[in-house]
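Below is one structure; the comments refer to it alone.
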C-alpha cells in the first residue's frame with residue numbers, strides 16, 4: 001500500500017499503478033467534475049488519457065492533494081495556487097544534474113562499474 005502525505009493529510013492508496021477519475025474523486029474527497037475542472041486550470045495536472053478515459057498515477061494524486069490543500073486549507077485562489085505550483089515545478093526542473101550530491105553519486109556509481117569490469121578481467125573464471 002502506498003502512502004501520500006501532504007501537510008496534515010495522509011492518503012493510503014491501493015497497490016496499483018493507475019486510478020480512474022472516480023477512484024481518485026473518492027480517495028481525495030472530491031467530485032469528478034472538480035478534477036476535470038482542475039485539469040483545465042492547472043497545466044501541470046495531466047493524467048494519462050486512453051480511449052477518452054483518464055488514468056491517474058500516484059504523482060497525479062499527490063498533485064491533486066497539493067491543489068486541494070492550497071485551495072481548501074491555505075485559502076489560495078486558483079490563480080495563486082497555479083503560480084505557487086508553477087514556481088515549485090520550475091525550481092525543481094531548474095536543478096542541474098552536474099551539481100551537488102546527485103552528480104557525486106553518479107560519478108561513484110560509474111567508478112564502481114568500471115572497477116567491477118576491471119576485476120572481471122583480472123580473475124577470469
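The values are calculated or read from the model by the stated rules, or taken from the named source; none is laboratory data. Because the structure is a prediction, the values reported are computed rather than measured. Glycine gets a Cβ as well: all are built from the backbone with ideal geometry, and neighbour counts include every protein chain shown.
Points to keep in mind about this one:
- Residues located in region 34-46, provided they are surrounded by 12 or more Cβ atoms within 10 Å (Cβ to Cβ) and either modelled with pLDDT of 95 or more or part of a helix (DSSP H, G or I) (or both): 34, 35, 36, 37, 38, 39, 41
- Residue 31 satisfies every condition listed in (1) more than 17 Å from the chain's Cα centre (by Cα); (2) closer than 22 Å to residue 71 by Cβ; (3) at pLDDT below 95 except (3).
- Residue within region 1-18 that is crowded, with 17+ Cβ neighbours inside 10 Å, modelled with pLDDT of 90 or more and touching a helix residue (DSSP H, G or I) at 6+ places or on another chain (Cβ under 8 Å) present: no
- Residues of region 55-69 satisfying the condition of being outside any helix (DSSP H, G or I) and within 11 Å of residue 45 (Cβ to Cβ): 56
A quick yes/no check of all residues on (1) at positive phi; (2) in contact with a strand residue (DSSP E or B) (Cβ under 8 Å, 6 or more places away or on another chain):
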{"position": "4", "(1), (2)": "no, yes"}
{"position": "7", "(1), (2)": "yes, no"}
{"position": "15", "(1), (2)": "no, yes"}
{"position": "21", "(1), (2)": "no, yes"}
{"position": "27", "(1), (2)": "no, yes"}
{"position": "30", "(1), (2)": "no, no"}
{"position": "37", "(1), (2)": "no, no"}
{"position": "40", "(1), (2)": "no, no"}
{"position": "43", "(1), (2)": "no, no"}
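Yes or no, residue by residue, for (1) assigned to a loop (DSSP other than H, G, I, E, B); (2) more than 16 Å from residue 41 (Cα to Cα); (3) modelled with pLDDT of 75 or more:
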site	(1), (2), (3)
84	no, no, yes
87	no, no, yes
91	no, yes, no
95	yes, yes, no
103	no, yes, no
108	no, yes, yes
119	no, yes, yes
124	yes, yes, no
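- All conditions but one from (1) touching a helix residue (DSSP H, G or I) at 6+ places or on another chain (Cβ under 9 Å); (2) within 21 Å of residue 87 (Cβ to Cβ) apply to residue 72; the one that does not is (1).
- Qualifying residue in region 15-23 (condition: touching a residue at least 60 places away in the same chain (Cβ under 8 Å) and under 18 Å from residue 1 (Cα atoms)): no
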